[in-house]
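The values are calculated or read from the model by the stated rules, or taken from the named source; none is laboratory data. Just so you know, these numbers come straight off a predicted model, no measurement behind them. Cβ coordinates were reconstructed from backbone atoms using ideal geometry, including for glycine residues, and neighbour counts include every protein chain displayed. Note: areas computed on protein heavy atoms with side chains; ligands, DNA, RNA excluded. Shrake-Rupley method; radii C 1.70, N 1.55, O 1.52, S 1.80 Å.
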Protein chains: 4
Amino acid sequence: MHMSVLAPPAVATVAVHGSTGFAGQELLRLLSAHPRMHAVACTSDTRAPAQCDLAFLALPHGVSGEVGRELAGARVPVVDLSADLRAEWAYGLPELHRDDIACTAAVANPGCYATAAVLALAPIVSAGLVLSDLIVDGKSGVSGAGKTVSPRTSFTTVSEGIAPYTPVGHHHQLEIERELSALGAGPVSVTFTPHLAPFTRGLLVTAYARLAAGAAPNEIHEALAGAYDGEPFVHLVDGIRTQAVRGSNLCHVQAWVDEARGRVIVAAAIDNLVKGAAGQAIQNANLMLGLPEQTGLPAQAAWL
Amino acid sequence: MHMSVLAPPAVATVAVHGSTGFAGQELLRLLSAHPRMHAVACTSDTRAPAQCDLAFLALPHGVSGEVGRELAGARVPVVDLSADLRAEWAYGLPELHRDDIACTAAVANPGCYATAAVLALAPIVSAGLVLSDLIVDGKSGVSGAGKTVSPRTSFTTVSEGIAPYTPVGHHHQLEIERELSALGAGPVSVTFTPHLAPFTRGLLVTAYARLAAGAAPNEIHEALAGAYDGEPFVHLVDGIRTQAVRGSNLCHVQAWVDEARGRVIVAAAIDNLVKGAAGQAIQNANLMLGLPEQTGLPAQAAWL
Amino acid sequence: MHMSVLAPPAVATVAVHGSTGFAGQELLRLLSAHPRMHAVACTSDTRAPAQCDLAFLALPHGVSGEVGRELAGARVPVVDLSADLRAEWAYGLPELHRDDIACTAAVANPGCYATAAVLALAPIVSAGLVLSDLIVDGKSGVSGAGKTVSPRTSFTTVSEGIAPYTPVGHHHQLEIERELSALGAGPVSVTFTPHLAPFTRGLLVTAYARLAAGAAPNEIHEALAGAYDGEPFVHLVDGIRTQAVRGSNLCHVQAWVDEARGRVIVAAAIDNLVKGAAGQAIQNANLMLGLPEQTGLPAQAAWL
Amino acid sequence: MHMSVLAPPAVATVAVHGSTGFAGQELLRLLSAHPRMHAVACTSDTRAPAQCDLAFLALPHGVSGEVGRELAGARVPVVDLSADLRAEWAYGLPELHRDDIACTAAVANPGCYATAAVLALAPIVSAGLVLSDLIVDGKSGVSGAGKTVSPRTSFTTVSEGIAPYTPVGHHHQLEIERELSALGAGPVSVTFTPHLAPFTRGLLVTAYARLAAGAAPNEIHEALAGAYDGEPFVHLVDGIRTQAVRGSNLCHVQAWVDEARGRVIVAAAIDNLVKGAAGQAIQNANLMLGLPEQTGLPAQAAWL
């Protein structure tokens, strides 16, 4: 079921199922500027239209999996943005699984926290530079909570402060552990605590690890630089802040080593709706359709 | 040089040196509602006036220590809000050092991050419930950066995102280590990374520790509950958020245990200008002057 | 039905009906620091308890009027924060109706926009210094919209921008016209357009009027200064901003005259939950109970 | 000095003088996505490089005019974003002056408030539907104040409230009067009061006018609809809010009539850095270079 055929379509027709939520709206926004994709169907409904080159599913968790399986059965290439199929389908993190994604028709788009955490940690975990007992402190803007109206996300609740939520057992915790454990350097344990912060877009993870015996501080930086050299969207930066990736498909990464304490700190910043959702979905779709991976994706922050 | 004499003054006269910064202004705001203290001198100057029952120093780090020593030499009771004398003078965290504070005339007020981190961790560190290798992820509002005008704290820089700063080597790191190591359960190592978040007041620390062998999850909660039972300002809560302590001298604490991974997570929330600065200074001054510790201090969030 | 008897109660017992909304919560917050009032009943229910010296109604518009009439019939002094009885009962704006309020047991607390607009305009309207065709542009923080969860007040909707709402026909429009027309300088027409701005507390009105023929610019300032000289809560300021009244019962007022165009501009800033709701209700209750008008009310911004 | 030659350049080379401020940075951001312009020089310096098809000046007011005149003398087409030459050069508001702009090499880009105010009012002023005595209440995000670091624009000053500034005599007042008076319906007087609100991008004006005798409410809507029918960037909307134009070159307009009071209210919303500065500058440059007016300009909000 290889998709990356020799002749990708001049303009692929795509469907967006679940176009009313934040991720679905962002997909439509990005697709409207995509020179090689044309959205032919945007539904809040779960049923797929018959004809399209690829379908994006931005449906509620639980619903999405069923629709995804149905579409895959009907041989429609699918990128599913829900959490339903991440343990089953190809994991749509192009920087780690580019070849798999290009060769499949069924891709599960990673969670927003998992995208940032795995990009921050994978190079140093796979190189054995840190111990396997990791901590990820996440901070997300409010759009990460979705569009459902709730007192938890009202302006008067959220503004002027910060709060942790689901400090133990957030479903991205297992997703991060699964991905990092699959790197071949042994099973990884991740403590993951997300926080809700008063901004709309943007997500930062600050990951903490213990430097492995014999690992030198510069190896941390070298592992990250080596992993992301040439990557169009993952950049090592100085002075990391979520504002600098806003509106773009970028992931910024910065690492520090506290030598005296044998600690490694790696931060990664993304726009949760772009690299953390819709942008990465299009990046995956580009690969699946044989288009240049960066097509139609902003690589510059749309911002001050 | 005992201060807590049998007859505290009906109304103590106090001086505020360094009354133009955020901490100094907050001192004046709180003192204006304090029934037993009367500010007789508020100067941006560093020189102390002759006559007062106690002096607060909210001067720049570096300057404050010199003035503090001079005043102490002149037998004027002093609470110094700077970092200069924290390794020398009595450490003004009443929940841990109440008796020392009441018996001295020279108190160094803790740093804002240190206040929250030590209150979060001290009970479980001193009880030996966690390993000595701790991580503290801090998130502060912008008033923590002080009043000096800088592009780092302009609205357009700070709003709509989050960023780490001084990820290694912030001066509160050593302060936290020193305090926790002094608890008698052995030397403690702390990795501390603060973040700047888009709100004015409020500070959250999320601390991560490894559960000691043999320690049971409920012991974590029991240690915290035991330590803070009866404390006027430190409360264990459910649903911790900085907004709930805003404008008050409260410190909220909440703990979780991830049993599967052997992890303890403890969050503490304070108003960085009150319990993290001016409020705690007054709490210390109350003790030093023999007044009831809570006098004049808001124990309710001034907030929605 | 005079309330301001010779001997006000040492501590009055008060009931708060409707204690779950923002205004009700703010009442409880302020009452907790009030030295002469003690809340004996706080209900979300609409039924009044039997015994109290005064009742505050912070119930939904529509419900409140009925309960208010019932309590008044039972001779319980009432301050109703709803809009239901503002055209019937004594209008609870102490700066204009202090004597009436002190002599009645049934007071309707003004709307938040009306409080600011009437305080900005009454002195110059009643002095005949401006024409009767007024414009009031209002800007309110989100707490003004109440606690009901709605997509209109979610963080992602409100933050990072501003929007008008109910640009014609907001119910405060008639309230402002009624109050200003009752000043005796002839009927007044008010165009009133409120806006929702991304902060929690605070309300600013910018009022525009045409300078009457023969009126001199300095008369505008003199009229305002004369009207508010000695007022504990209404202050003429330079550099008006809502942040400077936050958490307090203050109303700041500033006026400018554009002589070349014959225009008067008057801005008024209040905390919509304090002077615009709960604080003013307590100010009224103080008068009704014969207590000093300022008792228990913050006259200082609780803020940076 | 006609620029709109038959054969516009395939890719025009442009210079940006003053590329470090917010407007200059936004120019570079927009130019990076412009298919027909290529920035060949970006300087913070005031001197122009020799060779380019067009120069943008985003220099400080005062400096810009001198450089502009020099460049114009050297026959380099210029769009000047400063206020220096708005009374002299072609006024770069394409919706009103499209033909003039296309036929000149020296265009003064309008001020941000003036852009919104003139677009809101011009159709109804020129049609004689309102009296000539207008009020414009402006609300701007903080980027409108420019990048210079100041306590006025620090996060702790700006957040959580709103304030008027320059309530009389802002330099955009004369600019609005000049443009509206030039419409041929008689001299116009404008009272203009801007406010600083806690968001980064976005600007709203709420304009108030008196309905002319004999004018019917529906004529207001018809005049606006007629004026902007077919305009690529000016759209009549329902539910106007600045967030809906964020990041785009759009101007949203909405009008209401309060028939009982004979009042017209017109609101206009723009992104102050795009349609209020850099986007409009590019729109002008497109016209000057003979390119399709919309080339390279976002017509969709980059936003939730």
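Observations on the model:
- In this rough spin-label picture, where each label sits 7 Å from Cα along the Cβ direction, the C:T166-D:H61 distance is 3.7 nm.
- Ordering of B:38-44, D:79-85, B:114-120 by burial proxy (mean other Cβ atoms within 10 Å per residue, highest first): B:114-120, D:79-85, B:38-44
- Per-residue SASA remark: D:L174, around 110 Å² accessible (1.4 Å probe; ligands, DNA and RNA not included).
- Solvent-accessible area lost on pairing C with D (1.4 Å probe, both sides summed) amounts to about 3800 Å².
- For C:N272, the residues whose modelled amide H falls within less than 5 Å of its own, excluding neighbours fewer than 5 places apart on the same chain, are C:G202, C:L203.
- Against chain D, whose longest principal axis comes from its Cα atoms, helix D:112-126 is set at around 50 degrees.
- Percent of C-alpha pairs per 5 Å bin in segment C:1-155, short distances first: 2, 8, 16, 19, 20, 15, 10, 7, 3, 1, 0.
- Å² per residue, accessible surface of the protein assembly as shown at 1.4 Å: 32
- Computed from the Kirkwood radius of its Cα pairs, the Stokes-Einstein diffusion coefficient for the protein assembly as shown at 4 °C and 1.567 mPa s stands at 40 µm²/s.
- Max mean-square fluctuation residue, GNM over chain D, Cα-Cα springs under 10 Å, options D:T206, D:T153, D:T191: D:T153
- Shape parameters for segment D:72-150, alpha-carbon atoms, Rg then Dmax in Å: 15.1, 44
- Placing +1 on each Lys and Arg Cβ and -1 on each Asp and Glu Cβ, with no other charges, gives segment A:216-304 a dipole about its Cα centre of roughly 360 debye.
- Residue-by-residue Karplus 3J(HN,Hα) for segment C:59-76, coefficients 6.51, -1.76, 1.60, Hz, glycine and proline x: 8, x, 3, x, 6, 4, x, 4, 5, x, 4, 5, 5, 4, x, 8, 6, 8
- As a length-normalised measure over Cα pairs under 8 Å and 6 or more apart, the relative contact order of segment C:1-134 settles at 21 percent.
- Local net charge near A:R246, Cβ-Cβ under 12 Å (Lys/Arg +1, Asp/Glu -1): +3
- Rg followed by Dmax, in Å, when segment A:142-231 is reduced to its Cα trace: 17.2, 51
- The phi torsions of segment D:147-162, fed into the Karplus equation with coefficients 6.51, -1.76 and 1.60 and a -60° offset, translate into couplings of 9, 4, 6, 7, x, 5, 10, 6, 4, 5, 7, 7, 5, 6, x, 9 Hz, rounded to whole numbers, with Gly and Pro shown as x.
- Label point 7 Å beyond Cα along the C-beta direction, distances from A:A213 to other copies (nm, shortest first): 1.6, 9.8, 9.8
- Counting Cβ atoms of other protein chains within 10 Å of each residue's Cβ and taking the mean over peptide C:189-197 gives 6.
- Summarising the amide proton neighbourhood of C:M37: residues at separation of 5 or more, or on other chains, whose placed amide H is nearer than 5 Å comprise C:A12.
- For B:Q51 and B:E222, the difference between the fully extended length at 0.36 nm per residue and the C-alpha to C-alpha distance is 56.9 nm.
- Crossing angle, helix B:171-181 versus chain B [Cα axis fit, 0-90 degrees, rounded to tens]: 70
- In order along segment C:80-92, the Karplus-derived 3J(HN,Hα) couplings, from 6.51 cos²θ - 1.76 cosθ + 1.60 at θ = phi - 60°, round to 9, 7, 7, 8, 5, 10, 5, 8, 10, 7, 4, 8, x Hz, and Gly and Pro are given as x.
- Residue by residue along A:27-33, Cβ atoms of other protein chains within 10 Å of the local Cβ number 2 on average.
- Euclidean distance of C-alpha centroids, segment A:100-171 and segment D:142-217, integer Å: 41
- Accessible surface of the protein assembly as shown [probe 1.4 Å, protein heavy atoms]: carbon and sulfur percent: 54
- The figure for A:R178 is an accessible area of roughly 100 square angstrom, using a 1.4 Å probe on the protein chains alone.
- Taking amide H positions as modeled 1.01 Å from N, with prolines and chain starts lacking one, the residues under 5 Å from C:S44 and 5 or more places away or on another chain are C:G18, C:S19.
- Kirkwood Rh (inverse of mean 1/r, distinct Cα pairs), segment D:184-304, angstrom: 15.9
- For segment A:14-80, the normalised intensity computed at q = 0.13, 0.15, 0.23 Å⁻¹ comes to -0.29, -0.39, -0.92 (log10 of I(q)/I(0), Debye sum over alpha carbons, equal scatterers, no solvent).
- Note on B:262-269: average number of Cβ atoms from other chains within 10 Å of each residue's Cβ is 4.
- Restraint check, A:K147/C:K147; B:K147/B:K275; B:K275/D:K139; B:K275/C:K139; C:K147/D:K139; A:K147/B:K139, Cα-Cα greater than 27 Å: B:K275/D:K139; B:K275/C:K139
- D:S189 contributes about 30 Å² of solvent-accessible surface, heavy atoms of the protein only, 1.4 Å probe.
- Sequence-distant contacts, meaning Cα pairs under 8 Å at least 6 residues apart, place the relative contact order of chain B at 21 percent.
- Largest to smallest principal axis extent of the C-alpha atoms in chain D, angstrom: 61, 49, 36
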